[in-house]
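Before any comments, here is the structure.
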Amino acid sequence: MPVPVVHHPDYSFPFPAKHRFPMEKFGLLADYARSRGLLTQANSFRPAPCRQAWLTRTHCPVYLARFAGDQLSAREKRQMNLPWSKGLVRRTFLAPSGTILTAQLALQHGIACHLAGGTHHAHYDYAAGFCILNDLAIAANVLLRQEAIKRVLIFDVDVHQGDGTAALLADQPDAFTCSIHCERNYPFEKKLSDLDVALPDGLEDDAYLEAVSETLQQALALSRPDIVLYDAGVNVFREDPLGRLNISEKGIFQRDFQVLSELKRRDIPVATVIGGGYDDDRVKLAKRHGIVVEAASRVFSTN
């Protein structure tokens with residue numbers, strides 16, 4: 001069975017080419033996954049727009065309406081750091097639904113990969129760091145209303161701390177937030193996750209992989225999850241302009257392979273999201289984001 005993959009063509013839309021946020025990477029990632037045989041008609045799933053009840057369980061209804069209607073203040077738009085458009089609104093209300101669909105598929109198949117998601121800087125009533133809605137927190141809150149799900153682990157290895165996720169789920173005892181991030185990087189005011197591991201600038205593959213492995217063991221022991229949401233950000237890459245760590249592409253593959261292998265060994269379903277990654281060469285960036293799907297295919301696919 002091939003690994004289920006969730007994607008929507010509206011994840012990428014016409015967007016300023018010189019903008020720091022690489023909006024076209026989602027479409028390029030889908031193209032790359034198809035070229036590698038990782039995304040086919042047989043394993044492709046497409047989300048519908050997110051249900052309002054799912055959104056308002058995590059985010060402020062007034063904020064949602066103001067964003068949808070282009071009513072955010074100039075200051076709020078600067079903090080969002082994305083130019084408002086109807087295309088942005090459409091993708092913003094699709095992507096959290098994609099993460100929820102990925103989690104539901106993971107519960108059925110043990111693994112599923114979302115070719116978007118990981119918008120972990122979004123807070124209850126404001127956007128930050130290119131993140132408008134927090135798909136990880138939204139998905140966790142939806143999952144925890146299912147009878148079979150008692151505990152959710154969000155395992156976030158994006159180079160930036162998942163501050164929004166930590167804040168949004170701080171009062172949800174059944175959602176365990178874990179963030180492994182570069183200490184001297186954005187956001188400069190960190191929030192308190194259930195487990196935070198702050199890494200020094202310039203960390204290289206071996207020490208990084210050891211930190212990820214040890215942290216995963218600790219997080220699993222503390223959380224005893226029924227499902228893991230894995231934010232596999234690739235901005236740990238040594239040449240990422242917003243990174244500050246020194247991890248190779250091989251190191252990123254080893255990270256994803258070891259995380260997914262351990263979860264498979266323990267028979268814990270895992271839904272992956274792509275998190276952050278930045279590069280002026282958008283095609284190379286898309287391939288880098290494809291690493292987690294390659295690793296998932298290697299670990300989980302059966303002939």
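Just so you know, all these numbers are worked out from the coordinates, no wet-lab data involved. Source: prediction; values computed, not measured. Neighbour counts are summed over all protein chains in view; Cβ atoms, including those assigned to glycine, are modelled from backbone coordinates with ideal geometry.
Counting only other residues whose beta carbon sits under 10 Å from that of residue 170, what net charge do I get with K and R as +1, D and E as -1?
-1
Which of the pairs 77/190; 150/287; 86/264 have their Cα atoms more than 28 Å apart in this structure?
Beyond 28 Å: 150/287; 86/264.
Along the Cα→Cβ direction, 7 angstrom out, place labels at residue 184 and residue 298. What is the inter-label distance in nm?
It works out to 3.2 nm between the two label points.
By the scheme Lys and Arg +1, Asp and Glu -1, what is the net charge of all other residues having a beta-carbon under 12 Å from that of residue 298?
0
Starting at the first residue of the stretch 36-52, write each ³J(HN,Hα) from the Karplus equation 6.51 cos²θ - 1.76 cosθ + 1.60 with θ = phi - 60°, in whole Hz, x for Gly and Pro.
9, x, 8, 10, 10, 4, 6, 10, 9, 10, 10, x, 8, x, 5, 5, 4
If you put +1 on each Lys and Arg Cβ and -1 on each Asp and Glu Cβ, how big is the dipole of the stretch 5-300 around its Cα centre, in Debye rounded to 20?
960 debye
Among 96, 180, 277, whose Cα lies farthest out toward the positive end of the dipole of the stretch 5-300, if unit charges sit on the beta carbon of Lys, Arg (+1) and Asp, Glu (-1)?
Of the options given, the answer is 96.
Cβ under 13 Å from residue 206's Cβ, residue 206 left aside: what net charge do those residues give with Lys, Arg +1 and Asp, Glu -1?
-2
Could you list 25, 77 in order of exposure, starting from the residue whose Cβ has the fewest other Cβ atoms within 10 Å?
77, 25
Nearest-5 percent of antiparallel DSSP beta bridges in the chain?
Bridges in the chain that DSSP calls antiparallel: roughly 5 percent.
Based on Cβ point charges of +1 for Lys and Arg and -1 for Asp and Glu, what charge dipole magnitude is obtained for the stretch 129-243 about its Cα centre, in debye rounded to the nearest 20?
It comes to approximately 480 debye.
Under a crude label model (7 Å from the Cα following the beta-carbon direction), how far is residue 66 from residue 48 in nanometres?
If labels sit at residue 66 and residue 48, their model points lie 3.0 nm apart.
Can you classify the stretch 5-300 as rounded, prolate or oblate using the Cα gyration tensor, where a ≥ b ≥ c are the square roots of its eigenvalues, rounded means a/c under 1.5, and otherwise it's prolate if a/b beats b/c and oblate if not?
The shape class here is rounded.
Between 61, 14, 47, find the one with the highest GNM mean-square fluctuation for the chain; connect C-alpha pairs within less than 10 Å.
14
With the crude spin-label approximation of a point 7 Å out along Cα→Cβ, what separation in nm comes out for residue 214 versus residue 81?
It is 3.0 nm.
Around residue 111, which amide H atoms from residues at least 5 apart in sequence, or from another chain, sit under 5 Å from its own amide H, with H modelled in the peptide plane?
270
Run the numbers for residue 56 and residue 284: contour at 0.36 nm per residue of separation, minus the present Cα-Cα distance, in nm.
Contour length minus Cα-Cα distance gives 78.5 nm.
Sketch the reach of a paramagnetic label on residue 21 as a point 7 Å from Cα along Cα-to-Cβ, and name the residues of the stretch 82-118 whose backbone nitrogen lies under 20 Å away.
Those under the cut-off are 82-100, 114-118.
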